[in-house]
Amino acid sequence: MSVSARVKKGMEVGSWIRRMFEEGIAMKKQFGAENVIDLSLGNPVMEPPPEFKRELKRLVENPFPGMHGYMENAGYPETRAAVAAQLTRETGIRLTQKDVIMACGAAGAINVALKTILDPGDEVILFLPWFVDYFNYVENHDGVVKLVPTDDGFIPRLDLLEAAIGPRTRAVLIDSPNNPTGVVYSADLMRRMGEILRKKEAEYGTEIFIVSDEPYKRIIYDGIKYPSPLNVHRHSIIATSHSKDLSIAGERIGYIALHPESSHHDEMMTGFVFCTRTLGFINAPALMQNVVRRLQDVTIRVAEYQHLRDFIYGNLVRMGYEVVKPQGAFYIFPRCPIKDDVAFVHELQREHHVLTVPGVAFGTPGYFRLVYCVREETLARAMPGLEAMAKKYKLAAPG
Ligand SMILES: Cc1ncc(COP(=O)(O)O)c(C=O)c1O
């Protein structure tokens, strides 16, 4: 076996998720894809906005020399300036191209950010439930994960955050709106988080970064305004992408932005550039950098996602599932009617052909995740299976 012990261990942890996906693929072959309802993957069916295709067409029809070649590792200055201008409009903090580098999706951005700031043994705090791959990202760079629980509404427990911070804490990695819960961290929560981090920085004489993974920051409902970490803590790094707000996850385009007043700002930016190169990304995709430059204020149709959120949330509540109402993203994370979430998800898959992901994949057994970035009729076809399971396990519908 030529796979390293470290990778083998990582693969084993996720092996049953892979097995379930493989079973799902086998089911699609056996019963036909149209007879299997896949609510397991956050790969939106919504097409990118028309502005995206217009920009692509404009570039194809008006090529410029070197358009497909390397550019500086940080990315095109014009695109970085456009991202900085958007963040300035959003936060009121003046960012420039010197604060931004382009990245290969949010996953690439987070890996570059963590590699830049972590020494072996440095700690990164994650709130439960966490996005599936965060653990791997931290371990990629020899960091150590520290898990901090959330409350019943999946809101971070700040008293436990404070208690978890030590002299080796280098970052708190957050995603709001959250995958898998759809929870959005409030402005007040973010402000208090910033205060705690500054108190601990002073206590230990360290810098503690908020690394903010925010691909869903524009997919937000009910008129809520996204509270940016840039407004609460100068040691903030945005590591994000346009995968979801432009529905272009396969195009791998994202960015890192550093607070302009961060300590060691220029050295940090040089570090991001170095790590972009040495992790093998070299630069973010050239064509996509040119496309998203003019799309910084464009977003997919959020109202459609809100409609789907209302549909699935309303139905799950009607059936008796205990569930927190998502305020953003396109995931929902109900409590399982039985303790064993893996068994529940398996049964839902086997008996009703509905594919979901057990909570244990997010470090939170006892729950399961459904995605609703699918067509409404697909979602509607999942309801009888979910209802049958609710009845079988005697969930009490609200009176
Ligand atoms: C919370 C979160 N972070 C990061 C990613 C990866 O994003 P990207 O495809 O831009 O790398 C995802 C994808 O689903 C996600 O849900």
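The values are calculated or read from the model by the stated rules, or taken from the named source; none is laboratory data. Here the structure is a predicted model, which is why all the values come from computation and not from measurement. Note that we place each Cβ from the backbone using ideal geometry, even for glycine, and neighbour counts take in every protein chain shown.
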Practice item. Would you check if there is a residue in the stretch 364-374 being part of a helix (DSSP H, G or I) and either surrounded by 19 or more Cβ atoms within 10 Å (Cβ to Cβ) or without any contact (Cβ under 8 Å) to a residue 12 or more places away in the chain (or both)? Key: no
Exercise for review: Looking for whichever is away from the ligand (no atom under 16 Å from the Cβ) and in contact with a strand residue (DSSP E or B) (Cβ under 8 Å, 6 or more places away or on another chain) here; the options are His235, His242. Which one fits?
Suggested key: His235
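Only one residue in Glu34, Glu47 is out of contact with any Cys (no Cβ under 6 Å at 6 or more places or on another chain), under 25 Å from Tyr331 (Cβ atoms) and at pLDDT 95 or above. Which one?
Residue meeting the stated conditions: Glu47.
Would you confirm whether any residue within the stretch 323-341 is away from the ligand (no atom under 16 Å from the Cβ), under 21 Å from Pro77 (Cβ atoms) and out of contact with any Pro (no Cβ under 9 Å at 6 or more places or on another chain)?
Here is the first cut: in the stretch 323-341, the residues away from the ligand (no atom under 16 Å from the Cβ) are 323-325, 334-341.
Checking which are under 21 Å from Pro77 (Cβ atoms) leaves us with none.
No: zero hits.
Out of the stretch 78-94, which residues are of a type in the set (A, V, I, L, M, F, W, C) and more than 29 Å from Met67 (Cα to Cα)?
Ile93 - this is the single residue of the stretch 78-94 that is of a type in the set (A, V, I, L, M, F, W, C) and more than 29 Å from Met67 (Cα to Cα).
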Practice item. Could you tell me which residue of the stretch 207-218 is nearest to the ligand (Cβ to nearest atom), considering only residues that are closer than 27 Å to Pro77 by Cα and not acidic (Asp, Glu)? Key: Pro215
Study note, to complete from the structure: Those residues of the stretch 377-399 which are surrounded by fewer than 15 Cβ atoms within 10 Å (Cβ to Cβ) and assigned to a loop (DSSP other than H, G, I, E, B) amount to Tyr393, Lys394, Ala396, Ala397, Pro398, Gly399
Practice item. Being surrounded by fewer than 17 Cβ atoms within 10 Å (Cβ to Cβ) and polar (S, T, N, Q) is the filter; apply it to the stretch 245-282 and report the residue that is farthest from the ligand (Cβ to nearest atom). Key: Ser263
Check your understanding: In the list Gly92, Gly42, which residue meets the criterion of being under 30 Å from Glu377 (Cβ atoms) and either modelled with pLDDT of 95 or more or not assigned by TED's automatic domain parsing to the domain that holds Leu161 (or both)?
Key -> Gly42
Point to revise | Subset of the stretch 338-377 [in contact with a strand residue (DSSP E or B) (Cβ under 8 Å, 6 or more places away or on another chain) and charged (D, E, K, R)] | key: Asp341, Arg369
Study note, to complete from the structure: All conditions in (1) surrounded by fewer than 17 Cβ atoms within 10 Å (Cβ to Cβ); (2) β-branched (Val, Ile, Thr); (3) within 16 Å of the ligand (Cβ to nearest atom) are true of Thr96 except (3)
Review point. Is the stretch 164-173 home to any residue that is of a type in the set (A, V, I, L, M, F, W, C) and within 13 Å of the ligand (Cβ to nearest atom)?
Key: yes
Check your understanding: So, of the residues in the stretch 219-232 that are more than 22 Å from Phe52 (Cβ to Cβ) and β-branched (Val, Ile, Thr), which turns out to be farthest from the ligand (Cβ to nearest atom)?
Key -> Val232
Practice item. Could you tell me which numbered condition Ile110 fails, if it satisfies all but one of (1) touching a Phe, Trp or Tyr at 6+ places or on another chain (Cβ under 8 Å); (2) over 30 Å from Pro326 (Cα atoms)? Key: (2)
Revision key, fill the gap. Within the stretch 149-174, residues within 23 Å of Gly366 (Cα to Cα), surrounded by 16 or more Cβ atoms within 10 Å (Cβ to Cβ) and not hydrophobic (A, V, I, L, M, F, W, C) come out as Thr150, Pro156
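The rows are residues; the columns are (1) over 20 Å from the mean Cα position of the chain (by Cα); (2) within 23 Å of Arg191 (Cβ to Cβ).
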position	(1), (2)
Leu126	no, yes
Tyr134	no, no
Val138	no, no
Asp142	yes, no
Val145	no, no
Val148	no, yes
Ile155	no, yes
Leu158	yes, yes
Thr169	yes, yes
Review point. How many residues does the stretch 180-206 hold that are more than 16 Å from the ligand (Cβ to nearest atom) and either in a strand (DSSP E or B) or closer than 26 Å to Val324 by Cβ (or both)?
Key: 12
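Output the number of residues of the stretch 340-359 satisfying the condition of being of a type in the set (S, T, N, Q) and not in a helix (DSSP H, G or I).
Qualifying residue count, the stretch 340-359: 1.
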